[in-house]
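See structure below.
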Amino acid sequence: MEAYLDNSATTRCDAEAAELMMKLLTEDYGNPSSLHHKGVSAENYMNDARKKIAKTLKVSEKEICFTSGGTESNNLAIIGAAEANKRSGRHVITTAIEHPSVSNPMEYLKEQGYEVTYLPVDAYGVISPEDLKNAMREDTILVSLMQVNNEIGAVEPIEEAGEIIKAQNPKTLFHVDAIQSYGKFKIYPAKMKIDLLSVSGHKIHGPKGSGFLYIKDKTKIHPILKGGGQQRGMRSGTENVPAIAGLGVAADKIYRNLDEKIEAMYQLREYFIGEVTKISGVSVNGHTDRKNAPHIVSVSVEGVRAEVLLHALEDKGIYVSAGSACSSNKPAVSRTLKSIGLKQELLDSTVRFSFSVETTKEEIDYALSEMAALIPMLQKYTRH
């Protein structure tokens, strides 16, 4: 049997999305900038995807800018917004537990002379709204927060943060990294006072290399790619129409009957946590209740290195991550786990299980039974 429990790293592409992509790669392959029929046809596919995505967020279609994925969306939001607004100030705020596609652009801004404030998190990985309020200044041009942490599934108080930011300084732009939350939560930028929102396609059963940035109308942001002026000049380069169309299908499908899908994932998560913590030396990081995201469980195993457990599980056809799969193939010490104050000896003994709408109870049961057999053996082996 196989149990794929690494859906926060990537999901299986939806069959309908893949089928449409193949059609666009081999039949309707026109360049959307071309004026002939094939070009117009390609543009129509893009417009259709834009319409579907805008509907999921209750925003205008012209506010959706297609990108190559989460990393590009985050870079465009952070660097583009900072560059466009530097005359108003050079102070930006983020958290201590952001994904590298946010933390590295922040480091880049520091090199360019910007000042970055990093908000701490509590033992569950959640920021304090009070800390955000105190960090806000007259020269704060941007606040960037992830809605769901990719390693432990902590959920940040996005709506409250939006209220605080706009009350303190209406000109401050609010960027939300929704890469792990889009398709698992209902997100309404207008209501939540979000100006910029990053999404990645391959986390929601869309293709890799697809994503978008929601840019609220009239938001001051500079493009970071210069060229032919596609997508209103915001993101030059011939659009990846097959990926965009596939993303549109995936976004539309993931938001159908979303409440039932979320409930099913929460039930699997609660069941998994209840069973896995019965194994000696196993603990779960972050909230174990529904304050956490429905699809992520961070598990620490005393006396067993993450890499050892990951490969032992892989031998049984069970796929998980050591920390974040995106940072690199070799897991470094996680900033998130350090930030929540995890014990030193567990920093290198933590693996992430992540579910999707396709995850079954059979997969969970199989993983649990193999872990119950493997972990005591690995603990014994490492003690000698």
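The values are calculated or read from the model by the stated rules, or taken from the named source; none is laboratory data. Just so it is clear, the model here is predicted, and its values are computed rather than measured. Cβ coordinates were reconstructed from backbone atoms using ideal geometry, including for glycine residues, and neighbour counts include every protein chain displayed. All accessible areas refer to the heavy atoms of the entire protein, side chains included, with ligands and DNA or RNA removed. Shrake-Rupley method; radii C 1.70, N 1.55, O 1.52, S 1.80 Å.
Listed values, structure above:
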{"item": "Leading residue by the ranking (nearest to Arg335 (Cα to Cα)) among those in segment 93-111 that are in a strand (DSSP E or B) and in contact with a helix residue (DSSP H, G or I) (Cβ under 6 Å, 6 or more places away or on another chain)", "result": "Thr94"}
{"item": "Residues of segment 51-85 satisfying the condition of being β-branched (Val, Ile, Thr) and open to solvent by 30 Å² or more (accessible area, probe 1.4 Å)", "result": "Thr71"}
{"item": "Selected residue (only one of Asp48, Asp14 is open to solvent by less than 50 Å² (accessible area, probe 1.4 Å), modelled with pLDDT of 95 or more and under 17 Å from Lys253 (Cα atoms))", "result": "Asp14"}
{"item": "Subset tally (residues that are within 17 Å of the chain's Cα centre (by Cα) and within 17 Å of Leu342 (Cα to Cα)) for segment 99-126", "result": "2"}
{"item": "Any hit, segment 255-276, residues being open to solvent by less than 20 Å² (accessible area, probe 1.4 Å) and closer than 16 Å to Asp14 by Cβ", "result": "yes"}
{"item": "Cβ pairs under 8 Å, 6+ apart, first in segment 186-211 and open to solvent by less than 10 Å² (accessible area, probe 1.4 Å), second of a type in the set (Asp, Glu) and not in a loop (DSSP other than H, G, I, E, B)", "result": "Ser198/Asp177; Gly211/Glu72"}
{"item": "Qualifying positions in segment 127-150 - under 24 Å from the mean Cα position of the chain (by Cα) and either within 15 Å of Ala82 (Cα to Cα) or of a type in the set (A, V, I, L, M) (or both)", "result": "Ile127, Leu132, Ile141, Leu142, Val143, Ser144, Leu145, Met146, Val148"}
{"item": "Flag if Cys65 is at pLDDT 95 or above, part of a loop (DSSP other than H, G, I, E, B) and of a type outside the set (Phe, Trp, Tyr)", "result": "no"}
{"item": "Some residue of segment 22-36 being of a type in the set (Phe, Trp, Tyr), assigned to a helix (DSSP H, G or I) and either over 20 Å from the mean Cα position of the chain (by Cα) or at positive phi (or both)", "result": "no"}
